[in-house]
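The structure appears below as structure tokens.
What follows is calculated from the coordinates using simple rules that are stated; it is not laboratory data. Bear in mind the structure is a predicted one, so any value in this text is a computation, not a measurement. Quick reminder, even Gly has a Cβ in these numbers, built from the backbone with ideal geometry, and neighbours come from all protein chains shown.
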Amino acid sequence: MSVIRLSILTMVAAPSDSAENRIKLLIVDDDEKFLNTISERLGLKDFDVTPAGDGEKALKAAEKGDFDVAIVDMKMPGIDGKELLKRLKENHQFLEVIMLTGYSSIDSAVECTKLGAFGYLEKPYNFDDLLQKLKEAYEARLMKKFEHDRKRTEKIQKIAMGSSPLGILRSLKGLDDQIK
């Protein structure tokens, strides 16, 4: 088992001693009772949970917060789950999204996967299955981020080896602009 995977499992399995070490979840569902219940249950498992009752609130929360994983309901008034998935993936490159729906179909599962969903679970859901999917999504997020950072470091090393100081600064600015 890799060191990264082991540390991820340790983070998820053991309660953290500070809020900054907790996995940040955005949970979006228009059913207020369900949203409150799932938020409370995941909060008890030491996730840092931000609930949103619709797609607009979710997009605003995503602009302000740096979430690790989002759980998104498919059927919502206004911005539905598929559209929200699309927008979240466009604007947050490392965010993993798990779709949770009471109206599942193979077609919607395939479509959501093509749009970038990490997982697709049906309501009523099994809480242990959801926890496992959250762990897997968080691990995938960390691996993507790690690979991105590794490639960026390689680019910086190449720049530093073959340019003048001013050329290095220009190249680094270009790399920085790519992230924004």
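Overview of results
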quantity: Neighbour net charge for K151 - beta-carbon separation under 13 angstrom, K R +1, D E -1; calculated: +3
quantity: Label point distance in nm, N126-E154, each placed 7 Å from Cα along Cα→Cβ; calculated: 3.9
quantity: FRET efficiency, L44 to S164 (Cβ-Cβ, R0 45 Å, nearest 0.05); calculated: 0.20
quantity: Spacing of the two label points (7 Å from each Cα toward its C-beta) at K145 and D31, in nm; calculated: 3.1
